[in-house]
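The values are calculated or read from the model by the stated rules, or taken from the named source; none is laboratory data. Nothing here was measured: the structure is a model prediction, and the numbers come from that model. For neighbour counting, all protein chains shown are included, and Cβ atoms are generated from backbone atoms with ideal geometry for every residue, glycine included.
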Amino acid sequence: MTNSPQHRTPLKSGAGLDCTTVGDVMMDVILRSRRSIFDSLNFEGTNYFREFRITPGGSGNLSAAVACLGGEAGLVGRAGKDPFGKAYDDDLVSLGVRSEISLDPKQPTGLAVCLVDGRGRRTMFVSRGANDNLTAQEVLEGLRRLGPSRFTCLSGYSLAFPGHKKTLLRAATNAQDHGSLVVFDPGAANLVRAQSTVFASIVNECDLLCANIEETRALARGSQVLPYSRMLSRKGKLVLVKMGSQGCLLVEEGVAKKVPGVRARAVDTTGAGDAFLGALLYCLSRGYSTSISASFANWFASRLIEDLGPRSFPARPEINSSLAMFSGKSNSVYSLRTRT
């Protein structure tokens, strides 16, 4: 990579999109029931779940969150040329997200079956389908058509397919060449542990790392979370470590700050990380301080998990009043120039 974060030319405020995401197109089938049902699944009979939802998911959750907040977002990905692929693209368009989804005539749209217990905890069974056929050339063409973006977000879930390391690195290079800040969300700790060197190479190229605490531990490879995060931040990266109901750890320029969480009644945590990151980037794009942005992101994610599904966003009046409340706590303003 030729452009370091410290020497990159920043995009001017209002130029292009707030956020462009390169990642997976997934339809989610969400099944919710008591934990005892999951612990006693009958593989030779029928199992019943009290609640379900079929909804677009995957990396589009992040773009949808930004659009819900009033931002400008785009998505580059690949879906099957099937009803699910059409439904996914139509949903993005209805939300105001600019979609650059290529259609695969042979592979189906990716599918994730999410099992959610009574406390909102979830696990997923995933068939990646057409996502694994997304090429670096398709990504670069999609990014070109979408135009400038303040942030370019890369998903670690894409690295479940080994061939996508090159694709994500080329997307990072393209972003850097066009003055966009590279954001990386590792996605899942087990993926990090399985391909630690690959994930480390993407972390090395990002400007903002947003990971939960288990993912951060896996990335640290034996180091403690705090020293590892401080080390990254001293290289000019902004680091957010998500800690669920406890809030998040905000680390910049070697200094760590705990940002408290928001009490919530957890129904379904699917998509909480995407909601957090979408709210964070929306606020940073509008000049809010990192502290205000992280506080609002905690609130936004806490509201999402109180309903079933990854796009159960709060209504705009509630969003506006909450952002006004958080922004009244500080007069400091974050500038993207500090990481360019």
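Could you list, in sequence order, the residues of the range 248-280 that are touching a residue at least 40 places away in the same chain (Cβ under 8 Å), of a type in the set (Val, Ile, Thr) and surrounded by fewer than 19 Cβ atoms within 10 Å (Cβ to Cβ)?
Once the filter is applied, which keeps residues that are touching a residue at least 40 places away in the same chain (Cβ under 8 Å), of a type in the set (Val, Ile, Thr) and surrounded by fewer than 19 Cβ atoms within 10 Å (Cβ to Cβ), the range 248-280 yields only 262.
In the range 57-80, how many residues are surrounded by 22 or more Cβ atoms within 10 Å (Cβ to Cβ), in contact with a strand residue (DSSP E or B) (Cβ under 6 Å, 6 or more places away or on another chain) and either not in a strand (DSSP E or B) or not small (Gly, Ala, Ser) (or both)?
Here is the first cut: in the range 57-80, the ones surrounded by 22 or more Cβ atoms within 10 Å (Cβ to Cβ) are 57-69, 71, 73-80.
Now restrict to residues that are in contact with a strand residue (DSSP E or B) (Cβ under 6 Å, 6 or more places away or on another chain): 57-60, 62-63, 66-67, 71, 73-80.
Next, only the ones that are either not in a strand (DSSP E or B) or not small (Gly, Ala, Ser) (or both) stay: 57-60, 62-63, 66-67, 71, 75-76, 78.
Residues in the range 57-80 being surrounded by 22 or more Cβ atoms within 10 Å (Cβ to Cβ), in contact with a strand residue (DSSP E or B) (Cβ under 6 Å, 6 or more places away or on another chain) and either not in a strand (DSSP E or B) or not small (Gly, Ala, Ser) (or both): 12 in total.
State whether the residues of the range 229-236 include one that is at pLDDT 95 or above, in a helix (DSSP H, G or I) and more than 20 Å from the chain's Cα centre (by Cα).
Yes, the range 229-236 contains at least one residue that is at pLDDT 95 or above, in a helix (DSSP H, G or I) and more than 20 Å from the chain's Cα centre (by Cα).
Quick check on this structure: which one of 262, 241 is under 27 Å from residue 313 (Cβ atoms), assigned to a strand (DSSP E or B) and in contact with a helix residue (DSSP H, G or I) (Cβ under 6 Å, 6 or more places away or on another chain)? If you could, list the steps in order and put the result at the bottom.
Values: 262 fails: assigned to a strand (DSSP E or B).
Unique residue meeting the criteria: 241.
As an exercise: evaluate residue 177 against (1) buried (at least 17 other Cβ atoms within 10 Å of the Cβ); (2) touching a residue at least 12 places away in the same chain (Cβ under 8 Å) and give the number of the one condition it does not meet.
Against the list (1) buried (at least 17 other Cβ atoms within 10 Å of the Cβ); (2) touching a residue at least 12 places away in the same chain (Cβ under 8 Å), residue 177 comes up short only on (1).
Need pairs with beta-carbon distance below 8 Å; first residue within 16 Å of residue 180 (Cα to Cα) and within the range 200-213, second surrounded by fewer than 24 Cβ atoms within 10 Å (Cβ to Cβ) and of a type in the set (S, T, N, Q); sequence gap 6+ or separate chains.
Here the result reads 205/173; 205/176, each pair linking the range 200-213 to a residue that is surrounded by fewer than 24 Cβ atoms within 10 Å (Cβ to Cβ) and of a type in the set (S, T, N, Q).
Please determine, by comparing only the residues of the range 81-99 that are assigned to a loop (DSSP other than H, G, I, E, B) and touching a helix residue (DSSP H, G or I) at 6+ places or on another chain (Cβ under 7 Å), which one is nearest to residue 150 (Cα to Cα).
Of the range 81-99, the ones assigned to a loop (DSSP other than H, G, I, E, B) are 81-82, 96-97.
Okay, now just the ones that are also touching a helix residue (DSSP H, G or I) at 6+ places or on another chain (Cβ under 7 Å), so 96-97.
Details: 96: 17, 97: 15 Å.
Per the stated criteria, the residue is 97.
Could you look through the range 242-283, keep only residues that are acidic (Asp, Glu) and under 20 Å from the mean Cα position of the chain (by Cα), and pick out the one that is nearest to residue 34 (Cα to Cα)? So that I can check it myself, show each step before the final result.
So in the range 242-283, the residues acidic (Asp, Glu) come out as 252-253, 268, 274.
Checking which are under 20 Å from the mean Cα position of the chain (by Cα) leaves us with 252, 268, 274.
Values: 252: 40, 268: 12, 274: 25 Å.
Applying the filter and picking the extreme gives 268.
If a residue must be within 19 Å of residue 112 (Cβ to Cβ) and not in a helix (DSSP H, G or I), how many such residues does the range 267-312 contain?
The qualifying residues number 12.
Against the definition (out of contact with any Gly (no Cβ under 7 Å at 6 or more places or on another chain) and farther than 29 Å from residue 315 by Cβ), how does residue 39 come out, yes or no?
Values: out of contact with any Gly (no Cβ under 7 Å at 6 or more places or on another chain): yes; farther than 29 Å from residue 315 by Cβ: yes.
Spelling it out, residue 39 is indeed out of contact with any Gly (no Cβ under 7 Å at 6 or more places or on another chain) and farther than 29 Å from residue 315 by Cβ.
How many residues, within the range 23-56, are buried (at least 21 other Cβ atoms within 10 Å of the Cβ) and either free of Cβ contacts under 8 Å to residues at least 12 places away in the same chain or not in a strand (DSSP E or B) (or both)?
3
Where the second residue is surrounded by fewer than 17 Cβ atoms within 10 Å (Cβ to Cβ) and of a type in the set (Asp, Glu) and the first is touching a residue at least 12 places away in the same chain (Cβ under 8 Å) and lies in the range 113-141, which pairs have Cβ atoms under 9 Å and are six or more apart or on separate chains?
If the second residue must be surrounded by fewer than 17 Cβ atoms within 10 Å (Cβ to Cβ) and of a type in the set (Asp, Glu), the pairs left are 116/51; 120/306.
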